[in-house]
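The values are calculated or read from the model by the stated rules, or taken from the named source; none is laboratory data. All of these numbers come straight from a predicted model, not from anything done at the bench. When we count neighbours, we look across all protein chains shown, and the Cβ atoms used for this are built from the backbone with ideal geometry, even at glycine. When the accessible area is computed, the model is the full protein with side chains, heavy atoms only, and any ligands, DNA or RNA have been set aside. Shrake-Rupley method; radii C 1.70, N 1.55, O 1.52, S 1.80 Å.
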Amino acid sequence: MHSYESPELVELYATYTANPDSIGKHLTRASAERTAGDPLIVATGADLALYPGGGQEPRVEGFRISTRGFKELAGISHLPSALASLVTIRTLRGDGCWRKDGEWLLSQVETARAANSLELWRDTIAVAAYRGREKAIAAMIDYSCAVTARYLRTALADENYLTPRTLREDYLEATTDPDGQPAVPMNHMMIATFFLTGMDVAHRVLRWFADQNINWDRAMVIITGRQGRPTAGVTWNTSSVAAMILGASAHTLPLVRLYMAPHAPVFGIPNAGDLIEVKTLEPAYRAMWNSIRATQELAPVMFDGYPHYSPASHTVPDLDHGLTKLSDMPKIHSAEDMLAMVTRLRVVLEDPRQLLSACVTDYAVEQLVNQGNDPSRVVVPGLDGVTYPTRLHRTPVPSVDQAITP
């Protein structure tokens, strides 16, 4: 049955809203005229674009694709999740069903361990933000591969060992190894690898913004596109990109000028410096930002005297207050505050709004800003001041071949 619409009432609706020449569109244009010379920053999941305003050419900086060492560190940081997945697969499907994946993981871990070296990180991957820490990074990776292989070999020899309890006690939270020697918890390794990645990206983003001479009081910001899993990074306090932009402004950018717009158009990664698509989208981006801003500015006109919205009223949970349930990542008090940082590891897994790899990016940004964007002056939690035993001997357990022998 056809739904009837009153042409007169629909026309009234179009007068303000659903018309390319509506009153609402006139309001947007009036707002856009006022901001035509203001800088507009558009961040996608891979690039930053700065439209300086006044008809100037846009400038683009990639920050994801050019992240050297990201995948190499991610492979190590994901080892605990991989083991936890094997534990869960066994729980869900029963004994034996995880073994093929376990053998595959063990093989890849040992191959990666053999390829890892100081020279690889210092001379080949050669990340500027890691300069001076390459030996420590190589030692951390060697140790992480060794203890992961040891855990896998033990489980392959006796799959009753593959449980949540042993994963936590003997691997994630272990402070001694099976021989009674000091051990480094793999929770600390995860914090270190996530921090290193966040520090590298943030260092390059902060450096680029510092060269742009942006008037942050007038800056207009749109963050669009997918960041991590489909549900993540869609609010300013769950977006690592937002954290970096706010840090670059030394937190002078008013939060009311930063819009998370996951459904806004996304320009592709510029090919060989071709900015045609980036340029073409500037009018649409400016119209979008001004449309949102103009609607916001109707509020005091219409509702003066009523309590007003303030994004700065958001407070970060503090574990010092004895909290046992959290709706956001907790405050980090220092580089030694592993309780807060490991709690963040849990929160980013459970909270679909969070970016899995960004559990400590905001803390990395904070440290860089406080240290003049000098990575050498930043304390990397889980790495600096930590000794990862190198060339760790495996605990004598049956080899994989022995473990699968009928």
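Side notes on the structure shown:
- Computing FRET efficiency as 1/(1 + (r/R0)^6) for Ser85 and Val10, where r is the C-beta to C-beta distance and R0 is 45 Å, gives about 0.25.
- With N as its number of residues, region 210-289 has a Cα radius of gyration that, divided by 2.2 N^0.38 Å, comes to 1.14.
- For region 28-107, the fraction of alpha-carbon pairs in successive 10 Å shells from zero, as %: 15, 24, 17, 15, 14, 12, 4
- Per-pair calculated FRET efficiency, R0 = 51 Å: Thr124 and Arg29 via Cβ, rounded to 0.05: 0.45
- With respect to the chain, whose longest principal axis is taken over its alpha-carbon atoms, helix 79-93 is tilted by about 80°.
- Using the alpha-carbon positions of region 46-180, Rg (one decimal) and Dmax (whole number) come out as 20.0, 69 Å.
- Cα coordinate range in region 159-314, projected on the principal axes (Å, largest first): 69, 51, 31
- Sorting Thr163, Thr361, Thr88 on solvent-accessible area from highest to lowest, probe radius 1.4 Å, gives Thr88, Thr163, Thr361.
- When nucleic acids and ligands are ignored and a 1.4 Å probe is applied, Lys279 ends up with an accessible area of around 90 Å².
- Along the chain, longest interval not containing exposed GluC sites (Glu not before Pro), exposed being DSSP loop plus at most 14 other Cβ atoms within 10 Å: 6-172
- Percentage relative contact order, the chain, counting C-alpha pairs under 8 Å, at least six apart: 23
- Length gained when the stretch Asp217-Lys135 is fully extended (0.36 nm per residue, less Cα-Cα span): 25.3 nm
- Using the Cβ-Cβ distance between Glu57 and Thr315 with R0 set to 45 Å, the FRET efficiency works out to roughly 0.65.
- For region 139-222, the convex hull spanned by the alpha carbon atoms encloses 156 Å³ per residue.
- Within the full protein context, the accessible area of Val386 is estimated at about 50 Å² for a probe radius of 1.4 Å.
- The convex hull defined by the C-alpha atoms of the chain has an orientation-averaged projected area of 27.8 nm².
- Sequence-separation-based contact order of region 180-328, relative, with Cα cut under 8 Å and 6+ spacing, percent: 21
- As a fraction of the 1.4 Å probe accessible area of region 7-89, surface on carbon and sulfur atoms comes out at 61 percent.
- Taking all protein chains together and a 1.4 Å probe, the residues Val369, Val301, Val316 rank Val301, Val316, Val369 from largest to smallest accessible area.
- For region 147-167, the residues whose backbone nitrogen is under 13 Å from a point 7 Å from the Cα of Glu103, taken along Cα to Cβ, are 156-157.
- Lysine pairs in the chain with Cα atoms under 28 Å, if 8 or more residues apart or on separate chains: 4
- Across region 359-369, rounded Karplus estimates of 3J(HN,Hα) from the backbone phi angles (6.51 cos²θ - 1.76 cosθ + 1.60, θ = phi - 60°) give 5, 10, 4, 4, 6, 4, 4, 4, 5, 4, 4 Hz, Gly and Pro being marked x.
- For the chain, a Gaussian network of Cα nodes joined below 10 Å ranks Gln367, Gln108, Gln354 by mean-square fluctuation, and the top entry is Gln108.
- For the chain, the solvent-accessible area of protein heavy atoms averages 52 Å² per residue (probe radius 1.4 Å; ligands and nucleic acids excluded).
- When the helices of the chain are scored as -39500 (n - 2.57) per DSSP H run of n ≥ 4 and the total is divided over every residue, the value at 222 nm lands at -14000 deg cm²/dmol.
- Rolling a 1.4 Å probe over the protein chains gives Val109 an accessible area of about 10 Å².
- For region 234-386, diffusion coefficient by Stokes-Einstein and Kirkwood Rh (Cα), 4 °C, 1.567 mPa s, µm²/s: 70
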